[in-house]
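The values are calculated or read from the model by the stated rules, or taken from the named source; none is laboratory data. Everything numeric in this text was worked out from a predicted model, so none of it was measured. These area figures cover heavy atoms from the full protein model, side chains too; ligands, DNA and RNA do not enter into them. Shrake-Rupley method; radii C 1.70, N 1.55, O 1.52, S 1.80 Å.
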Amino acid sequence: MFRVPTYVAPSPIAGVGVYTSLPIAAGTVIWDFTEGVDLRLDPAVVAAIPEPLGSKIRSYCYEESDGHLVLCGDNARFMNHSFEPNCDDRGHVTRALRDIAEGEELTCDYRNFDAESERSGLMEWRTAV
């Protein structure tokens, strides 16, 4: 769950993105997995969801190294990938890599936490349909 105020708006990266409504200092924890808000799903459960809903839900998930899928229950599901992100998602929390200005889009490198992106070696854009 985000620990800083955010909003969703059009993004020049892909469709929509998540933006901060306040300045964020470098090193600030901006997101962590919060039981009851964020969901950790068994991949078999997601695979059993009928189409097109299954693909829609999967597009908002990231895959942990053990194969479980995480569905963020807040604006975090709208974070876009960047090869030069302003957020660091390695470890159990997301931190600001540098000072982030009010109104700036929050970005992360999917390869740091999404096993599917890491395996592919090449970024597949996950655009909501």
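Suppose all protein chains stay in the model; what accessible area per residue would a 1.4 Å probe give for region 1-84, in Å²?
Working: 4380 Å² over 84 residues.
Value for region 1-84: 52 Å² per residue.
Among the DSSP beta bridges whose two residues both lie in the chain, what percent are antiparallel, rounded to the nearest 5? Show your work: numbers first, answer last.
On the way: 19 of 22 bridges.
Within the chain, antiparallel bridges account for around 85 percent of the total.
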